[in-house]
1. Calculate for the chain the 222 nm mean residue ellipticity that helices alone would give, adding -39,500 (n - 2.57) per DSSP H run of length 4 or more and normalising by residue count, nearest 500 deg cm²/dmol.
2. Bin width 5 Å, alpha-carbon pairs only: give the P(r) of segment 395-506 as whole percents, running from 0 to the bin holding the largest distance.
3. Measure out, as a whole number of angstrom, how far apart the alpha-carbon centroids of segment 617-644 and segment 265-287 sit.
4. For the chain, with the dipole built from +1 on Lys and Arg beta-carbon atoms and -1 on Asp and Glu ones, taken about the Cα centre, which of Leu206, Phe639, Leu626 lies farthest toward the positive end?
5. Of the peptides 278-289, 329-340, 210-221, how do they stack up when ordered by the mean number of other Cβ atoms within 10 Å, highest first?
6. Could you state the accessible area per residue of segment 42-133 in Å², with a 1.4 Å probe and every protein chain left in place?
7. Over the alpha-carbon set of segment 518-625, divide Rg by the Kirkwood Rh and report the Rg/Rh ratio to two decimals.
8. Arranged from highest to lowest average of other beta-carbon atoms within 10 Å per residue, in what order do the peptides 147-158, 652-663 appear?
Amino acid sequence: MKVISGVLTTLMLGVSASAVTAKMVEPTTPPPAPSFSAQSEPVFVKRADIFDYRALDSYTEPEFVSAFVEAGKLPPVKDRLPAEPMVYKTANMPDGTGVYGGTLRHVIGGRPEGWNFWGGQSQGWGGIDIGMTECLTRTGPLFMVESTDLQPLPNLAPGWEWSEDGKTLTVHLIEGAKWSDGDPFDTQDIDFYWNDIIMDPEVTPLMGASQATYNGATLDIVDDHSFTMTFDTPFPESVLYNMAYGNFCPGPSHVLKPHHPRHGGESYDAFINAFPPEKLGFPVMGAWVPVEYRSDDIIVLRRNPYYWKVDEDGNQLPYLNEVHYRLSTWADRDVQAVAGTGDFSNLEQAENYVEALRRSAADDAPARLAFGPRTIGYTLYPNLSGNGWGEPDARAQAVRELNRNLDFRKGISQAIDRRRLGESLVKGPFTVQYPGGLYAGTSYYDNDSTVFYPYSLESARAHFEAAGLKDTDGNGFYNWPDGSPAGNGDVQITILHTFDYQTDKNLAEGVVAMLEEAGIRAALNSLNNNDRDANRDAGTYDWMVFRNDKELITVVQQTDELAPIGPTTARNHRANPAGELDLLDWEQDMVDVVQAFMASRDSDERAELMKRYQKLYTENLYGVGLTAYPGALIINKRFANIPSGVPIFMYNWAEDNIIRERVYVPEDAQRDHELHPKTLPSADGPVTAG
Ligand code: BQZ
């Protein structure tokens, strides 16, 4: 069913197009944001100032770990480390070389589905997966890197080089590093990640990486510690950003592979679910290993004895012996961090700002609170598929046809009073009216390229009528046009959101109220995070309130998610079961711009391409921006080596940005928070040396 073009329908309904358009309020550029400066700035350095890779004369470990070596349960620390471990430089450590001991107590609102990140399972977020699954490159700490030196940080890959023609990238792995169970880390892990995860259409890793994430590359193993990626276009350097957290974080092939159907596993479902949270000691390359899981209560991790990073004195990292993830709610994370019963929070739910600020202002407050830049933002996304993604019924299909009509999207946008919506979360200089697209204040943002549709109920209604809608029964709500497969009742859209965050819920409820004022009925589909993500990725929604991810902040990370460049790269427009992607013209233009950006090495050209992207996105309302505001890092005062000016969300979340493996608790500030002191991880949980 095609909705006849707005103007034609209007004429048929006896209302002259000019009368309707007369009520329309034209778009502008965004209103100026209330000034809000981050409370502290990073100390900008070059990447090489943070760490390098080299052999040191000797290495040390916590005394309790030496007991395992003396008992013959572990090789000497020198043999547990790579020939050239990553060495964090003391000069870049805010509080210098640390001491062993201490526990970092996270509180999270997610719940672990299992350890199989590569099978698409969530570990509950809040820093668990960031701490367990290390990746070839790293971007979280880039917030402190000078803009003239901005390139991904090496990580599991200390180095790489491009061929003369720029179409082949040779990547070198750290040599001699081991998984937390002692198994060697090498290109067997790369081969499994690439061929049995990325290139297997039956498997999707947690952050959705696909061959499109790596510019359509092909991959060949060269030897135990190097491989090549070959591309169609020269020097797609942005692919190195997409080899950081979330993407190209290889899994332990020695335990995963036997469960994979291509290697004797019984089924994909069995592969995905082969490592439930109860399965302790799951091998990681990260600093801490799961040793205890109590459902709806806590996950406890202990230091990885094979961790491949040290400080300049040769102390094997991490300094912290134990990390907790209390399984609670995201709101409780804020409460516990300011109260001192938890140690860390990304203050990102604006409703909690006033109380958190009040509690943290007290002289005896247990935690520091520091606001960063405005990088937390929410958008109302339309499902733009018209050809069956998510297998819509007649009503849902009719909504998607409306969604693909720009007048309808303009009506939705102008029905939203963004100022009132932001103030419903928190009053004060925090929230801004966010048009959607790239965030103001970020590297690629250009205000003149940003189109803003201001609040106007009259204009919203005019656009709904231009989209062919009319309130035929006079009840104040628009009806489907005669003959619509959805019947001739009131148009009703559903809005998907997660109830795991009060902010998501509040914004979704605010949107429903405002749409109803404009004559559009809306109903909420409120789910937990994992179910929200599942419906999002399956396309089983009409509209979705979604907290945006990092690609709209840095652009260079997850760039492939800026537009539907592949069948499964976008959040609100994916291919139908036949693999067909029915892009609208301006969407195709966005795709072309993003692909040109990913292929370009010229910074001026990249800046111009992002101006075009921003214009296409905001003029056509690829997403309807709602609000954006700054987040704040709350961290207990006993922790040392917390860099200044840490944004809670930029290239990555603060759990990555603070470089937890370097964080320590001075001896006189250590508390007896360890639940499994003097133990190391094993498949049977925490074990002592004796
Ligand atoms: C931070 C983050 C660390 C995911 C998740 C969660 C998922 C999304 C996003 C955030 C949580 C916290 O965010 O809210 O402050 O600790 O974990 O990963 O929102 O639903 O899918 O992208 O990172």
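1. Values: 19 runs with 163 residues, N = 690.
Using -39500 (n - 2.57) per qualifying helix, the result is -6500 deg cm²/dmol.
2. 2, 10, 15, 18, 18, 16, 11, 6, 3, 1
3. Between the Cα centre of segment 617-644 and that of segment 265-287, the gap is 32 Å.
4. So the residue furthest toward the plus end is Leu626.
5. Values: 278-289: 22.2, 329-340: 20.7, 210-221: 18.7.
Highest-to-lowest ranking by the protection proxy: 278-289, 329-340, 210-221.
6. Values: 3390 Å² over 92 residues.
So segment 42-133 comes to 37 Å² accessible per residue, rounded to a whole number.
7. Details: Rg = 15.1 Å, Rh = 15.2 Å.
That ratio is 0.99, to two decimals.
8. Details: 147-158: 17.5, 652-663: 24.6.
Most protected by this proxy first, the peptides run 652-663, 147-158.
The values are calculated or read from the model by the stated rules, or taken from the named source; none is laboratory data. Quantities reported herein were computed from a predicted structural model and do not represent experimental measurements. Virtual Cβ from ideal backbone geometry, glycine too; neighbours counted across all protein chains shown. Note: areas computed on protein heavy atoms with side chains; ligands, DNA, RNA excluded. Shrake-Rupley method; radii C 1.70, N 1.55, O 1.52, S 1.80 Å.
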